[in-house]
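Below you'll find the structure, written out as structure tokens, and then a few comments.
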Amino acid sequence: MDNSLSLINDLIIPGLIIVAQILAIIIPVLLSVAFLVYAERKVLALIQLRKGPNIVGPFGLFQSFADALKLLAKENIIPNRSNKIIFLIAPMITMVLSLIGWAVIPFAPGWVISDINVGIMYLFAVSSLGVYGIIMAGWASNSQYPFLGALRSAAQMVSYEVSIGFVIITVLLCVGSLNLTKVVEAQSTVWFAIPLLPMFIIFFICALAETNRLPFDLPEDEASLVAGFSTEYSSASFVLFFLAEYASMILMSAMTVILFLGGWLPPFDIAPFNYIPSVFWFMLKITFILFLFLWVRGTFPRYRYDQLMRLGWKVFLPLSLFWVVVTAGFLVMFDLLPT
């Protein structure tokens, strides 16, 4: 009897708590993806002076759910000459990688599943692994357009991850810790977006490239690659890629908010700002960054691939490296290095 109680207290109850915490994050993220798709259509419609979704549900709010049901009801076609196992696993890997990063995201003081001391490195590793799902999908499809899209994605993500790494180093120099909660707390006086403004801009543009968003959506360029790496996908497999892209957008927006916009901290530590719940500020800032994602899509044309590579290697890489040196020199000169 005692052993059974001990097993329940030591394993089952903590396991149920962790599962509840995971569901408390995954379900809102998936719902946010649905409404983000709706918001994207509405924002693009406003930019182009049209109405957008307005039939399915009040104000068209259920349009994303209707589209998801339509896609899931379609036949899942697997090409005859494809590597069927890898073909089916690739979208699952992409979807899982877009969700596991939320394990270290602090929504408010103490509101985090795993408050590890290397949270930034964990997020950087997860975002870097995202390219594997796309490469696997492009290769396993055994088709020209998906394979070209996969090659583009690999080169693009590697190119811009180098700059993201240097941007993160500048933040770490100012904080002295890899813990994401410490990063937010270090911005209680001033958000890093102000002293590190060039790095903030570079990080946001690199986030566009990492998530394959316009003007950097070359891996799925419908003008020249049909649909890129997802050309051969349909039904549930395509839905997983679709969800993964938008979930990655929300995750990169959360990273931007934590690294540069003070996380859950209000803009001013005065009433009535400090009476508003911390989670509200965090969600509001993420919404703002997501709006910038959508605004950029409706404003800028797609880059040529050579322009994309030139921007990453000849502009962002030297500039981010230079700013690392400037930041380190400034901190050493004025003895501001965190202990």
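The values are calculated or read from the model by the stated rules, or taken from the named source; none is laboratory data. Computed from a prediction, not measured in an experiment: that's the story for all the values here. When we count neighbours, we look across all protein chains shown, and the Cβ atoms used for this are built from the backbone with ideal geometry, even at glycine. Note: accessible area is taken over every heavy atom of the protein model, side chains too, but ligands, DNA and RNA are not part of it. Shrake-Rupley method; radii C 1.70, N 1.55, O 1.52, S 1.80 Å.
Taken over the range 25-34, the criterion of being of a type in the set (A, V, I, L, M, F, W, C) and surrounded by 13 or more Cβ atoms within 10 Å (Cβ to Cβ) is satisfied by 25, 26, 29, 30, 33, 34. Out of 322, 238, 334, which single residue is loosely packed, with under 15 Cβ neighbours inside 10 Å, aromatic (Phe, Trp, Tyr) and either modelled with pLDDT under 90 or under 30 Å from residue 82 (Cβ atoms) (or both)? Unique residue meeting the criteria: 334. Just checking, how many residues over the range 171-221 are open to solvent by 10 Å² or more (accessible area, probe 1.4 Å), closer than 16 Å to residue 337 by Cα and either of a type in the set (Asp, Glu) or assigned to a helix (DSSP H, G or I) (or both)? The number of residues fulfilling the criteria is 6.
For the range 113-133, filtering for residues that are buried (at least 20 other Cβ atoms within 10 Å of the Cβ) and either outside any helix (DSSP H, G or I) or at pLDDT below 85 (or both) leaves 3. Taking the condition touching a Cys at 6+ places or on another chain (Cβ under 6 Å) and surrounded by 18 or more Cβ atoms within 10 Å (Cβ to Cβ), does residue 141 pass? The answer is no for residue 141. Inside the range 206-228, residues that are touching a Leu at 6+ places or on another chain (Cβ under 7 Å) and of a type in the set (Val, Ile, Thr) make up a count of 0. With more than 28 Å from residue 38 (Cβ to Cβ) and in contact with a Leu (Cβ under 9 Å, 6 or more places away or on another chain) as the only criterion, which of 231, 189, 170, 181 stands out? One residue alone meets the criteria, 170. Residues that are hydroxyl-bearing (Ser, Thr, Tyr) and either open to solvent by 80 Å² or more (accessible area, probe 1.4 Å) or over 30 Å from residue 149 (Cβ atoms) (or both) within the range 278-299 comprise 278, 287, listed in sequence order. The set of residues in the range 313-338 that are touching a residue at least 24 places away in the same chain (Cβ under 8 Å), assigned to a helix (DSSP H, G or I) and among the aliphatic types (A, V, I, L, M) comprises 317, 319, 321, 324, 328, 331. Considering only residues in the range 300-310 that are over 16 Å from residue 151 (Cβ atoms) and touching a residue at least 40 places away in the same chain (Cβ under 8 Å), the one that is surrounded by the fewest Cβ atoms within 10 Å (Cβ to Cβ) turns out to be 301. Hey, does the range 242-261 have a residue that's buried (at least 20 other Cβ atoms within 10 Å of the Cβ) and over 18 Å from the mean Cα position of the chain (by Cα)? Within the range 242-261 (the criterion being buried (at least 20 other Cβ atoms within 10 Å of the Cβ) and over 18 Å from the mean Cα position of the chain (by Cα)), the answer is no, since none of the residues qualifies. Filtering 167, 162, 158 for residues that are more than 19 Å from residue 230 (Cβ to Cβ), of a type outside the set (Lys, Arg) and crowded, with 19+ Cβ neighbours inside 10 Å leaves a single hit, 167.
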